[in-house]
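Read through the structure below, which is laid out as structure tokens, and then see the notes.
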Number of protein chains: 2
Amino acid sequence: MKTMKLLIPTQKEVPNDAKIISHQLMIRAGLISKLASGLYSYLPMGVRVLHKVENIIRQEMNKSGAQEVLMPVAQPAELWQTSGRWDKYGAELLCFADRHQREFCLGPTHEEVITHLAAQYLRSYKQLPMNFYQIQTKFRDEIRPRFGVIRSREFIMKDAYSFHLDQASLQQTYDAMHQTYSNIFDRLGLDYRVVLADSGSIGGDASHEFHVLAESGEDAICFSDGSDYAANIEKVSFSKQEKTCQSITTEERILTKKQTSIKNVARFLNVKKSSCVKTLIIKTKNGFKALALRGDHELNEIKIHNLFGDFEFATDDEIKNLDLKKGFIGIKDLDIDLIVDYSASVLCDFVCGANEWDYHLMGANWQDIEFVDADLRNAVEGDDSPDGKGKLMIKRGIEVGHIFQLGTKYSSIMKANVIGESGKAVTTTMGCYGIGVTRIIAASIEQNYDDKGIIFSSAIAPFQIVIVPINYNKSTRVKALADKLYQQFIGVGIEVLLDDRKERAGIMFADSELLGIPHRMVISDTHADNGNVEYKARDKSDKIEVIFDDALSFIQSKLI
Amino acid sequence: MKTMKLLIPTQKEVPNDAKIISHQLMIRAGLISKLASGLYSYLPMGVRVLHKVENIIRQEMNKSGAQEVLMPVAQPAELWQTSGRWDKYGAELLCFADRHQREFCLGPTHEEVITHLAAQYLRSYKQLPMNFYQIQTKFRDEIRPRFGVIRSREFIMKDAYSFHLDQASLQQTYDAMHQTYSNIFDRLGLDYRVVLADSGSIGGDASHEFHVLAESGEDAICFSDGSDYAANIEKVSFSKQEKTCQSITTEERILTKKQTSIKNVARFLNVKKSSCVKTLIIKTKNGFKALALRGDHELNEIKIHNLFGDFEFATDDEIKNLDLKKGFIGIKDLDIDLIVDYSASVLCDFVCGANEWDYHLMGANWQDIEFVDADLRNAVEGDDSPDGKGKLMIKRGIEVGHIFQLGTKYSSIMKANVIGESGKAVTTTMGCYGIGVTRIIAASIEQNYDDKGIIFSSAIAPFQIVIVPINYNKSTRVKALADKLYQQFIGVGIEVLLDDRKERAGIMFADSELLGIPHRMVISDTHADNGNVEYKARDKSDKIEVIFDDALSFIQSKLI
């Protein structure tokens, strides 16, 4: 195609709200345009990239034997009420009423609908396993949409849902999806890691995330420096530790006027945060609980949820009613259950609150304290790897894929049963598998750019090659050669862009570099004098003179 | 692919709510599944058909030079407030508030968004014309969703919007889109008609509709039996007629107790409905108006809207306050403007209300009555064609495409200007072009079915051919031959379905016929004894014996 016939609105200005490079470059290269907070239009170049990503995903999903379906974006409330997620999903679920005041939501995910379909249409164990997928617009009403299409409100997702007679069959499809996802991300040219993941609100048993490594990633993922272990920080689990210290001091009550944060207390008392214990109060369906952690550790809310179910942090008033002193709560005089994180529970002679206004204890110890120990915290860099091999490092990742073993969470509630081999009804076992399609474009750019712009791989670039003629409108020779090459490329199915604008060479170069087109051929009178064209790869700095008559075969060899 | 690995839930039962054949067959053949009123999931076979339709549309749109974009489904209220459609569009516009209480709608169409984009990115006349399209999920909150995917609430549309420097350029793209649509519907194998259309709420100047002819169609379209004239019934316009009769009776006041409808009055007085005049009262922004039509004619609300703007029918109370007698209103004693339809205005000695309870006038005439004549009515069969050639016939049609000349309706409000050749800002002139993608599947079935099921054309069938082996699981010879043929077909890219179920031949035949697969090959021991396979085309009744070794080339010749 020719540039003059296309809308490629490149721009130099960096949009104010674009904090990360992919967001900046997608706007600057004219791939997307912001319509409203978290809502983006895909312009012609963006659509070309999007279709390439979709096609790779579709091809690999089809190859795996999955069947494509297309479910509605609007989903009736009844299904979500049946699954129990209508109330649980939270404010990200965008709900609305139709003209007859019937309630619906814009689907952020489709477990309910597909399970409803399975309950209707899957009858016999002979039909299983089946894996259904769709590539479809989803909506999540993010409280703070950000990072362009990475955390937008409307986005395209490939979601798949598999149904099985038993866990062994699920495991087989789960493994196959693991492989399919690897094939997809390999073909997309992404540097990614597969990590153990928490399954969040979708529920279920096992799950893995596929992360594209990038500084701007919102997720923290932990790797062992001594093994293959990799997990989302939320999923890293710790075991009971052995106590290696002994108490050598006696407990002392110290005035710590107005020092209520661990940071301030540690500085005031000149101790390390890791020698302090902080106590948090939560409200669960079984009453209030006190949670104690090392001062340098963060609570892992998912672990707390797994232990106690839904919970909230106690309010100031509730803490007061428990006769506790906020900022000075310790480990003594608690009339509620105390749960201590494994790493806090092996400390000796630590600092903690005295449960008295303006006082902390130094040299505190666990003896005589009634408590339960448990795994309550997030990993930090330097932790021992849970597999016992090496220490943990933490990197940032952008989640682009997620596979889950759902088990019977939805199929049992929604009665997705089949007649088993024995003639009795069997509840199907489910897996589900998501890929953030639009997010992949951004993730790919986060990994492949330079100061000139995007560096797309051939697999997803909007065009494979750009022909830049110098003086296309003035030199009949240049025009003739450029048109000839253009026709040659089109003739063999190469996706070629011919920059037919009356722009300076510098502008044409800059635009194609910003847009990340992987290959460039320049045709000028100077080059033509030598019977050559000039070739440059987007990701290399050197320019090569190529004999004009060899240009086609030269490019074909690059595109293999 | 093999049937056992696919979800093709055929059924014999006709769903209760499926009134028309395409709806019944799409459910029965397992193409779609109803999720809620007006919301359908596309099952694997439905998605295959849908993609084929989409691809034909995409190919032809690309060929025309249109550029594909993808705009959000959710659209901010502000844009619709700017265009004035937020309040005007009516209850079909599904509106909702996000978690921050900002208002949005689910887009039923995208004029506002694309014009907003054009205002941002189109700068110079040199960029024009440009034509943008998308293939996307749309939502229209139909009060009474019906006919399956023909009038569903969520549906897929191809919508395109073009921008021009002037009317001449618009006309050129409009004509090109007319041709592109014809190419698309030709390739889809549809029997369609292009008719003059009213542009409805989208507004603008010229428009044509593309209708698939079908008994079940919701639209009435008029054709001349003496020329190429074709128009949506709403668009057929009539001119002033010459009066050819003379009054021969005197006016008489007749008791017509309780006879308030034209039908009853005509029967009671033993006259034709076409010899009666009925009077309707409407309320406009310029007060009440009386409209008089021939008793056998229907009011055309669009024509009334074009004459008076927004209007409503007067309520019983309002009629009473005007001192008129509902059911007996005539043409006299009206204190409001009287507008008479051209065909009513040339009547002589007609029947009309006496504006007195239980009385009509016979032998009424227009002399001494003050009125304006105008075109107020819908066409009826037998009307003279507006082009003066032949009489009008009326057929039913399903609208599958619509092209509009929008003019500057949106571009002027939303400031989609470019710098013209003279250096001054010029408001762009717009066209818009829609195709109901999902609706096409149903429309195609309405034209191509028999008592066994759907008859898909090769262009959109879910598979091109089905291989039905008899005793696939018992006869090793049959299995070997079927597998061999299957591999041969796959090898050359033919989309083939192998029915590998342990079902009776009759069931396998019935299912593939219901699903409308265009070609079938049966492999059995009997045929194999003769070195043959049996071939049958879905749309023919005869069966042909084909030499096994020639089967591939035989099918290839059918698929050209």
Query raised in the report: What single numbered condition from (1) more than 10 Å from every other protein chain (Cβ to nearest Cβ); (2) part of a helix (DSSP H, G or I); (3) at pLDDT 95 or above fails to hold for residue B:157?
Result: (2)
Requested in this report: Kindly indicate whether residue A:69 is at the interface with chain B (Cβ under 7 Å from one of its Cβ atoms) and either touching a Pro at 6+ places or on another chain (Cβ under 7 Å) or farther than 30 Å from residue A:465 by Cβ (or both).
Outcome: yes
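Which ranges mark the strands (runs of 3 or more DSSP E) fully within the stretch A:220-314 that have 2 or more residues being surrounded by fewer than 20 Cβ atoms within 10 Å (Cβ to Cβ)? I'd like the intermediate steps shown before the answer.
Details: elements: A:230-232, A:252-255, A:277-284, A:287-294, A:311-313.
So the answer is A:252-255, A:277-284, A:287-294, A:311-313.
Which of the following residues is within 26 Å of residue A:428 (Cα to Cα) and of a type in the set (A, V, I, L, M): A:53, A:47, A:69? Before you say what the answer is, go through the steps one by one.
On the way: A:53 fails: within 26 Å of residue A:428 (Cα to Cα); A:47 fails: within 26 Å of residue A:428 (Cα to Cα).
None of the others qualify; the one that does is A:69.
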Query raised in the report: Given the residues A:33, A:41, A:37, which is the only one that is of a type outside the set (Asp, Glu) and surrounded by fewer than 19 Cβ atoms within 10 Å (Cβ to Cβ)?
Result: A:37
Report task. Among residues belonging to the stretch B:85-121 that are surrounded by 23 or more Cβ atoms within 10 Å (Cβ to Cβ) and more than 22 Å from residue B:154 (Cβ to Cβ), point out the one that is nearest to the chain's Cα centre (by Cα). Result -> B:115
Requested in this report: Would you tally the residues in the stretch A:486-505 being surrounded by 14 or more Cβ atoms within 10 Å (Cβ to Cβ) and in a helix (DSSP H, G or I)?
Outcome: 4
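Working carefully through the options B:515, B:485, B:497, find the one that is touching a Gly at 6+ places or on another chain (Cβ under 9 Å) and at pLDDT 95 or above. Full working, then the answer.
Numbers: B:485 fails: touching a Gly at 6+ places or on another chain (Cβ under 9 Å); B:497 fails: touching a Gly at 6+ places or on another chain (Cβ under 9 Å).
Being touching a Gly at 6+ places or on another chain (Cβ under 9 Å) and at pLDDT 95 or above holds for just one of B:515, B:485, B:497, which is B:515.
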Query raised in the report: Taking into account only those residues within the stretch B:330-348 that are in a loop (DSSP other than H, G, I, E, B) and more than 37 Å from the chain's Cα centre (by Cα), which is surrounded by the fewest Cβ atoms within 10 Å (Cβ to Cβ)?
Result: B:335
Query - Candidate set from the stretch B:72-84 (those that are touching a residue at least 12 places away in the same chain (Cβ under 8 Å) and more than 11 Å from chain A (Cβ to nearest Cβ)); member that is surrounded by the fewest Cβ atoms within 10 Å (Cβ to Cβ) - result: B:84
Query raised in the report: Could you count how many residues in the stretch B:119-142 are facing another protein chain (nearest Cβ under 9 Å) and under 24 Å from residue B:401 (Cβ atoms)?
Result: 8
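Go through the stretch A:530-556 and give me each residue that's in a helix (DSSP H, G or I) and either in contact with a Pro (Cβ under 8 Å, 6 or more places away or on another chain) or under 22 Å from residue A:502 (Cα atoms) (or both). I'd like the intermediate steps shown before the answer.
First pass over the stretch A:530-556, keeping only residues in a helix (DSSP H, G or I): A:548-556.
Residues satisfying the conditions do not exist here.
Please work out if residue B:416 is crowded, with 22+ Cβ neighbours inside 10 Å, modelled with pLDDT of 95 or more and not β-branched (Val, Ile, Thr).
Details: crowded, with 22+ Cβ neighbours inside 10 Å: yes; modelled with pLDDT of 95 or more: yes; not β-branched (Val, Ile, Thr): yes.
Considered against the rule, which asks whether it is crowded, with 22+ Cβ neighbours inside 10 Å, modelled with pLDDT of 95 or more and not β-branched (Val, Ile, Thr), residue B:416 comes out as yes.
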Query raised in the report: In the stretch A:1-32, how many are in contact (Cβ under 8 Å) with a residue 24 or more places away in the chain, among the polar types (S, T, N, Q) and outside any helix (DSSP H, G or I)?
Result: 1
Report task. Would you check if residue A:533 is of a type in the set (A, V, I, L, M, F, W, C), out of contact with any Asp or Glu (no Cβ under 7 Å at 6 or more places or on another chain), surrounded by fewer than 14 Cβ atoms within 10 Å (Cβ to Cβ) and touching a residue at least 24 places away in the same chain (Cβ under 8 Å)? Result -> no
Requested in this report: Find all pairs meeting these conditions: Cβ atoms under 8 angstrom apart; at least six residues apart or on different chains; first residue within the stretch B:38-56 and within 9 Å of another protein chain (Cβ to nearest Cβ); second residue assigned to a helix (DSSP H, G or I) and surrounded by fewer than 22 Cβ atoms within 10 Å (Cβ to Cβ).
Outcome: B:43/A:121
Report summary line: Checked against (1) at pLDDT 95 or above; (2) in contact with a Leu (Cβ under 9 Å, 6 or more places away or on another chain); (3) assigned to a loop (DSSP other than H, G, I, E, B), residue A:382 satisfies every condition except (1)
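I'm checking my understanding of the structure. Among residues of the stretch B:85-118 that are β-branched (Val, Ile, Thr) and out of contact with any Gly (no Cβ under 8 Å at 6 or more places or on another chain), which one is farthest from the other protein chains (Cβ to nearest Cβ)? Spell out the reasoning first.
Initial filter on the stretch B:85-118 (β-branched (Val, Ile, Thr)): B:109, B:113-115.
Going one step further and asking which of them are out of contact with any Gly (no Cβ under 8 Å at 6 or more places or on another chain), we end up with B:114-115.
Values: B:114: 9, B:115: 12 Å.
Out of the qualifying residues, it is B:115.
Mind telling me which of the residues A:422, A:444, A:412 ends up being closer than 24 Å to residue A:21 by Cα and more than 12 Å from the chain's Cα centre (by Cα)?
On the way: A:422 fails: closer than 24 Å to residue A:21 by Cα; A:412 fails: closer than 24 Å to residue A:21 by Cα.
Testing whether each residue is closer than 24 Å to residue A:21 by Cα and more than 12 Å from the chain's Cα centre (by Cα) leaves just A:444.
Going by the structure shown, is residue B:257 among the basic types (Lys, Arg), within 21 Å of residue B:278 (Cα to Cα) and in the same structural domain as residue B:274 (by TED's automatic domain parsing)?
Working: among the basic types (Lys, Arg): yes; within 21 Å of residue B:278 (Cα to Cα): yes; in the same structural domain as residue B:274 (by TED's automatic domain parsing): yes.
Spelling it out, residue B:257 is indeed among the basic types (Lys, Arg), within 21 Å of residue B:278 (Cα to Cα) and in the same structural domain as residue B:274 (by TED's automatic domain parsing).
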Requested in this report: Would you mind finding the one in A:356, A:318 that is surrounded by fewer than 19 Cβ atoms within 10 Å (Cβ to Cβ), under 20 Å from residue A:259 (Cα atoms) and more than 29 Å from the chain's Cα centre (by Cα)?
Outcome: A:356
**Report entry** Test: residue A:44 is under 26 Å from residue A:148 (Cβ atoms) and modelled with pLDDT of 95 or more
**Finding:** yes
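The values are calculated or read from the model by the stated rules, or taken from the named source; none is laboratory data. Only a predicted model underlies this, so the values are computations on that prediction, with no experimental measurement involved. FYI the Cβ positions are ideal-geometry reconstructions off the backbone, even for glycines, and counts take in every protein chain you see.
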